[in-house]
1. Given 0.36 nm per residue, what is the gain on full extension from ARG18 to GLU97 after removing their alpha carbon distance, in nm?
2. Leaving out ligands, DNA and RNA, what percent of the accessible area of the chain is carbon and sulfur, probe 1.4 Å?
3. Over the chain, give the accessible area per residue in Å² for a 1.4 Å probe, as an integer.
4. I need the P(r) histogram for the chain: all alpha carbon pairs, bin width 10 Å from 0 out to the longest distance, whole percents.
5. How much of ARG100 can a 1.4 Å solvent probe reach, expressed as accessible area in Å² and rounded to 10?
6. Report, by chain and number, residues whose modeled amide H sits under 5 Å from the one on THR32, excluding near sequence neighbours (fewer than 5 apart, same chain).
7. Could you derive backbone 3J(HN,Hα) for the range 104-117 from the dihedral phi with the Karplus parameters 6.51, -1.76 and 1.60 (θ = phi - 60°), listing whole Hz in sequence and x where the residue is Gly or Pro?
8. For the range 52-59, what does the Karplus curve 6.51 cos²θ - 1.76 cosθ + 1.60, with θ = phi - 60°, yield as ³J(HN,Hα) per residue in whole Hz, taken in order and with x for Gly and Pro?
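The values are calculated or read from the model by the stated rules, or taken from the named source; none is laboratory data. None of these values were measured; they are calculated from a predicted model. Cβ coordinates were reconstructed from backbone atoms using ideal geometry, including for glycine residues, and neighbour counts include every protein chain displayed. Surface accessibility is based on the protein's heavy atoms, side chains included, excluding ligands, DNA and RNA. Shrake-Rupley method; radii C 1.70, N 1.55, O 1.52, S 1.80 Å.
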Amino acid sequence: MTAGVTVLVVDDDPGFLRVARAILEDAFSVHTLENGEEALAFLERRPPFADAPRPAFIVLDFHLPDMNAPAVLARLSTDTTLRALPVLVLSQADWEEDERAARDAGARQFCVKPSRVQALREAIVTFWRDHAGAGPGALDRG
């Protein structure tokens, strides 16, 4: 039903990326990357991502090894096509200054990473519904 909807998940924790892929792949075409430079290359379709699909939205870890989420968002904001992509920033820490920095840089939403798998899926799907143009009833599970 939404297999054509692409999501880019960027996080430096391989375990988190495995979980994200597992819980989202039934609903989305999931692409995962481990750092900000790779994400920017993917989004800007630079080698080795020249044929990368344009994601409908991005799930971005706040603390990446090479740059933080606001730095990634600042780079996205320089491109008129990329700045329109909805970005959900996730963080292990519930720090007000991190949330403010992410939102000021263009994140549509900031939230602490849920500890339960189902809560993580619900947070991402709700973000997609609210910010990436999905209508009511999309991804309803029986």
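1. Working: separation 79, 0.36 × 79 = 28.44 nm, distance 2.85 nm.
Roughly 25.6 nm would be gained on extension.
2. Values: 3440 of 7040 Å².
Carbon and sulfur together cover 49 percent of it.
3. That works out to 50 Å² per residue.
4. Spelled out per bin, shortest first, that is 12, 46, 35, 6, 0.
5. Approximately 120 Å² for this residue.
6. Under 5 Å from the amide H of THR32 lie the amide H atoms of VAL9, each far enough along the sequence or on another chain.
7. Values, residue by residue: 4, 7, x, 5, 6, 8, 10, 8, 6, 4, x, 7, 9, 4 Hz.
8. 5, x, 7, x, 6, 6, 10, 10
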